[in-house]
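Novice: What follows is a structure written as structure tokens; I'll ask about it next.
The values are calculated or read from the model by the stated rules, or taken from the named source; none is laboratory data. Here the structure is a predicted model, which is why all the values come from computation and not from measurement. Glycine also receives a Cβ, built like all others from the backbone with ideal geometry; neighbour counts cover every protein chain displayed.
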Amino acid sequence: MPKQYGMVIDLQRCVGCGACALACKTENNTQSAGKGQTFNWADYIYKEEGKFPKLSYTAIPVLCNHCTDAPCVKACPVQPKSMFKTADGITMHNDERCIGCRRCQKACPYSATDVAREKAAYSVISVNDGVSEPHQMYRDGGELIKGCTASGAETAKAAGDIPPSRHDYSHPDYASVRNKGIAEKCIFCEHRVKKGELPNCVVACPAKARIFGDLNDSGSEPAQLLKKHKAMRLKQEKGTKPNVAYIRAFKGINKA
Amino acid sequence: MADTRQVQSQTGGRDDLSIDASRCLRMRFCQSSCRRCADACPHGAIGLERTLSVDPARCTGCLLCSAACPSGALEQGADFYACVTQLSRVPDPILGCSRTREKAHATLACLGGLAEEHLVALSHTLSGKLTLNMTRCGDCPNAGIVSQLLQRLHGVAEAGLFDSGCRIVLAESPGDMEFAEESVGRRGFFKAFRDSIFKSAAVVLSSTAERVERRTDYSTKRLPIRRELLREIRKSLSPATEERIRQRFDSTVSFDSGCTVCQGCVAICPAGALQTADPEKTPVFIVGSCTGCGLCGEFCMDGALEITPGGV
């Protein structure tokens, strides 16, 4: 049976610290949010429900669900597809073939073309606009605090790269920093997984709430957990067969 | 690659077709109905399934596909600027084909690649009379290009686009043309030399400014080379000729109220004729960068785009 990489997130372990999101940003050099795009391949949302004193507070980490029936792949107009499924079940994105038309973003139930306008809590696909180079913050010559700090551009120059903390990795489909005018999303850190390592968000999670592995291998840890616990998947009614599952949910998560 | 070379030796020509699948309308949008190149190819050598491909066993290098492709996915590899420079050294130049040893002041791999834009550019860059040496085309597997070229010449002449430039004639038999050696006499030689320096300098200046590196990146926007030539030549033409060129080559893209400002057309356009000025508004149309391929109209989810021939 071919592999199907997936992730199980244990919500009773998750403390909502956001380390996954930070780890992802440093690993994949994603830029700061702006122009309706989050650029958070790993993100998290907080939900507060009820009325005092009957309150519930839930932290839900979100990321690309690497759906088995991925609508983003169906929507991608180019040939060969820029958004495609790998043999290991990862929803991969090739940045040379992407034209930045945003059809993937429109088709994805977990994404918004503009999070502010659509009042979306998150978006797993982000699009670099076609006008300005990414990481504007490190191209801006203006001092962050006047007469006090260096400018972003100076910092980048001193470090010799944009962003200054750039983690340079090589991947056949992905540049470690994406160009302007194309989409980008979580690729399950395939560059790490290929080397036998885990995605960086999994490594960084201090509570070990993220469990990554081959869901088709019944002996794998995530497959075992899915057998043991009743799992919840985001927007299951859309029929996209997401491969990120949440277990041990507190009350209230079902509406996420 | 080995196959390609084999075909070259068979036909005596050289493989001058450059393929960039990322610019193909079908590769950019899998539902596009464009098959201009496949329809133009007399030998059924072009494949459009999965990727844009040319079957080296069938291709005879006539370059008709390159003249039909609106986006520069299939293009002549020859340096057209260098070719023009060579032709401009003589008063009544002859353009021939590199497969034959017939007399010519410059050659291209096959004259079938001369599109209307090329003809207009040649006509307005050269002086006197340009003869297309096609005396040996009858013996060549690419003989079909003669009628095509006649049609194109006729079309351009009908549109009045040769009126202000040099005449272009097609020579099918040796009697139709006179070949003059490049250097004739001291005075003529120096005059031609001086002219050629000015002209080549002008050509080099304009070409280095506009030349775009070819990349296979789908998000790279550029005009096909022949459109680039046309754009260059237009700058120096009279308003009347410019108006005729506008009528024949330009298109206008307009948006109706159904547009949801998704900017998808900006992304799909291979030439960069649609640009986002404000993400909340309909894209800005740049007429000089539009090749009229119609891909934006096919791609628009809202059906809000209309493409009409003739510029505004």
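Novice: Criterion first (touching a helix residue (DSSP H, G or I) at 6+ places or on another chain (Cβ under 9 Å) and either within 14 Å of chain A (Cβ to nearest Cβ) or farther than 21 Å from residue A:130 by Cβ (or both)) does residue B:249 satisfy it? Working first, answer last.
Specialist: Values: touching a helix residue (DSSP H, G or I) at 6+ places or on another chain (Cβ under 9 Å): yes; either within 14 Å of chain A (Cβ to nearest Cβ) or farther than 21 Å from residue A:130 by Cβ (or both): yes.
For residue B:249, the condition - touching a helix residue (DSSP H, G or I) at 6+ places or on another chain (Cβ under 9 Å) and either within 14 Å of chain A (Cβ to nearest Cβ) or farther than 21 Å from residue A:130 by Cβ (or both) - is met.
Novice: I'm told residue B:73 meets every condition in (1) within 14 Å of chain A (Cβ to nearest Cβ); (2) within 24 Å of residue B:229 (Cα to Cα); (3) surrounded by fewer than 24 Cβ atoms within 10 Å (Cβ to Cβ) except one. Can you identify the failing condition by its number?
Specialist: It is condition (3) that residue B:73 fails.
Novice: Still on this structure, please answer the following. Any idea how many residues of the range B:264-291 are within 9 Å of chain A (Cβ to nearest Cβ) and touching a Gly at 6+ places or on another chain (Cβ under 7 Å)?
Specialist: Here the count works out to 3.
Novice: Taking the criterion of being of a type in the set (D, E, K, R), assigned to a helix (DSSP H, G or I) and in contact (Cβ under 8 Å) with a residue 12 or more places away in the chain, would at least one residue in the range A:239-252 satisfy it?
Specialist: The first filter runs over the range A:239-252 and keeps only residues of a type in the set (D, E, K, R), leaving A:241, A:248, A:251.
Then drop every residue that is not assigned to a helix (DSSP H, G or I), which leaves none.
No, the conditions are met nowhere in the range A:239-252.
Novice: Please give the strands (runs of 3 or more DSSP E) falling wholly within the range A:1-117 in which 3 or more residues are among the aliphatic types (A, V, I, L, M) and surrounded by 19 or more Cβ atoms within 10 Å (Cβ to Cβ).
Specialist: Answer list for the range A:1-117: A:5-10, A:54-63.
Novice: Tell me, which residue of the range A:73-90 that is in contact with a Lys or Arg (Cβ under 8 Å, 6 or more places away or on another chain) and of a type in the set (A, V, I, L, M, F, W, C) is farthest from residue A:211 (Cα to Cα)? Quick ask: steps written out before the conclusion?
Specialist: First, pick out the residues of the range A:73-90 that are in contact with a Lys or Arg (Cβ under 8 Å, 6 or more places away or on another chain): A:73, A:75-82, A:87-89.
Add one more test, that the residue is of a type in the set (A, V, I, L, M, F, W, C), and what stays is A:73, A:75-76, A:78, A:87.
Details: A:73: 25, A:75: 29, A:76: 29, A:78: 33, A:87: 20 Å.
Per the criteria, the residue is A:78.
Novice: Scanning for something touching a Gly at 6+ places or on another chain (Cβ under 6 Å), aliphatic (A, V, I, L, M) and crowded, with 17+ Cβ neighbours inside 10 Å, does the range A:171-178 turn up at least one residue?
Specialist: No.
Novice: Take the range B:263-312 and flag every residue that is in a strand (DSSP E or B) and under 25 Å from the mean Cα position of the chain (by Cα). It would help to see each step written out before you state the result.
Specialist: Here is the first cut: in the range B:263-312, the ones in a strand (DSSP E or B) are B:274-275, B:284-285, B:305-309.
Residues satisfying the conditions are B:274, B:275, B:285, B:306, B:307, B:308, B:309.
Novice: State the number of residues belonging to the range B:59-78 that are modelled with pLDDT of 95 or more and in contact with a His (Cβ under 9 Å, 6 or more places away or on another chain).
Specialist: 1
Novice: Okay, next question. Can you give me the number of residues within the range B:259-286 that are at pLDDT 95 or above and loosely packed, with under 14 Cβ neighbours inside 10 Å?
Specialist: Adding up the residues that qualify gives 1.
Novice: Can you name the residue in the range A:53-88 that is small (Gly, Ala, Ser) and out of contact with any Gly (no Cβ under 7 Å at 6 or more places or on another chain) and is also nearest to the other protein chains (Cβ to nearest Cβ) among such residues?
Specialist: Out of the qualifying residues, it is A:82.
Novice: Could you list, in sequence order, the residues of the range B:31-66 that are within 14 Å of another protein chain (Cβ to nearest Cβ) and either among the hydroxyl-bearing types (Ser, Thr, Tyr) or not in a loop (DSSP other than H, G, I, E, B) (or both)?
Specialist: Hits for the range B:31-66 are B:32, B:33, B:47, B:51, B:53.
Novice: Within the range A:91-114, take every residue that is in contact with a helix residue (DSSP H, G or I) (Cβ under 6 Å, 6 or more places away or on another chain) and under 27 Å from residue A:215 (Cα atoms) and give me the one that is farthest from the other protein chains (Cβ to nearest Cβ).
Specialist: A:109
Novice: In this structure, does residue B:96 turn out to be modelled with pLDDT of 90 or more and either more than 15 Å from the chain's Cα centre (by Cα) or among the charged types (D, E, K, R) (or both)?
Specialist: yes
Novice: Any residue in the range A:37-44 that is closer than 24 Å to residue A:103 by Cα and in contact with a Gly (Cβ under 7 Å, 6 or more places away or on another chain)?
Specialist: Taking every residue of the range A:37-44 in turn, at least one turns out to be closer than 24 Å to residue A:103 by Cα and in contact with a Gly (Cβ under 7 Å, 6 or more places away or on another chain).
Novice: What tally of residues in the range A:173-207 results from selecting those that are of a type in the set (S, T, N, Q) and within 20 Å of residue A:97 (Cβ to Cβ)?
Specialist: Counting residues in the range A:173-207 that are of a type in the set (S, T, N, Q) and within 20 Å of residue A:97 (Cβ to Cβ) gives 2.
Novice: Then there is this: What residue, among those in the range A:115-149 that are within 16 Å of the chain's Cα centre (by Cα) and within 13 Å of chain B (Cβ to nearest Cβ), is nearest to residue A:239 (Cα to Cα)?
Specialist: Within the range A:115-149, the subset within 16 Å of the chain's Cα centre (by Cα) is A:115, A:120-128.
Now narrow it down to the ones that are within 13 Å of chain B (Cβ to nearest Cβ): A:127-128.
Details: A:127: 24, A:128: 28 Å.
Out of the qualifying residues, it is A:127.
Novice: Another question about this same structure. Residue check, residue A:153 against (1) small (Gly, Ala, Ser); (2) within 14 Å of another protein chain (Cβ to nearest Cβ); (3) not in a loop (DSSP other than H, G, I, E, B), all met but one. Which one?
Specialist: Against the list (1) small (Gly, Ala, Ser); (2) within 14 Å of another protein chain (Cβ to nearest Cβ); (3) not in a loop (DSSP other than H, G, I, E, B), residue A:153 comes up short only on (2).
Novice: Taking the range A:179-218 as the search range and keeping residues that are among the basic types (Lys, Arg) and either buried (at least 24 other Cβ atoms within 10 Å of the Cβ) or more than 14 Å from chain B (Cβ to nearest Cβ) (or both), which one is farthest from the chain's Cα centre (by Cα)?
Specialist: A:195
Novice: Another question, if that's okay. Residues in the range A:219-230 that are assigned to a helix (DSSP H, G or I) and loosely packed, with under 15 Cβ neighbours inside 10 Å: how many?
Specialist: Adding up the residues that qualify gives 3.
Novice: Residues B:125, B:107: which one is more than 21 Å from residue B:150 (Cβ to Cβ), under 17 Å from the mean Cα position of the chain (by Cα) and more than 14 Å from chain A (Cβ to nearest Cβ)?
Specialist: One residue alone meets the criteria, B:125.
Novice: Okay, moving on. Please indicate, with yes or no, whether at least one residue in the range A:21-42 is charged (D, E, K, R), out of contact with any strand residue (DSSP E or B) (no Cβ under 7 Å at 6 or more places or on another chain), touching a residue at least 40 places away in the same chain (Cβ under 8 Å) and more than 23 Å from residue A:175 (Cα to Cα).
Specialist: The initial filter retains those residues of the range A:21-42 that are charged (D, E, K, R), namely A:25, A:27, A:35.
Among the residues that remain, those that are also out of contact with any strand residue (DSSP E or B) (no Cβ under 7 Å at 6 or more places or on another chain) are: A:25, A:27, A:35.
So of that shortlist, the ones also touching a residue at least 40 places away in the same chain (Cβ under 8 Å) come out as A:27, A:35.
Next, only the ones that are more than 23 Å from residue A:175 (Cα to Cα) stay: none.
No, that holds for no residue.
Novice: Continuing with this model, one more query. When residue B:260 is evaluated against the numbered criteria (1) within 14 Å of chain A (Cβ to nearest Cβ); (2) part of a loop (DSSP other than H, G, I, E, B); (3) within 23 Å of residue B:35 (Cβ to Cβ), which criterion, by number, is the only one it fails?
Specialist: If we test residue B:260 against (1) within 14 Å of chain A (Cβ to nearest Cβ); (2) part of a loop (DSSP other than H, G, I, E, B); (3) within 23 Å of residue B:35 (Cβ to Cβ), just (3) comes out false.
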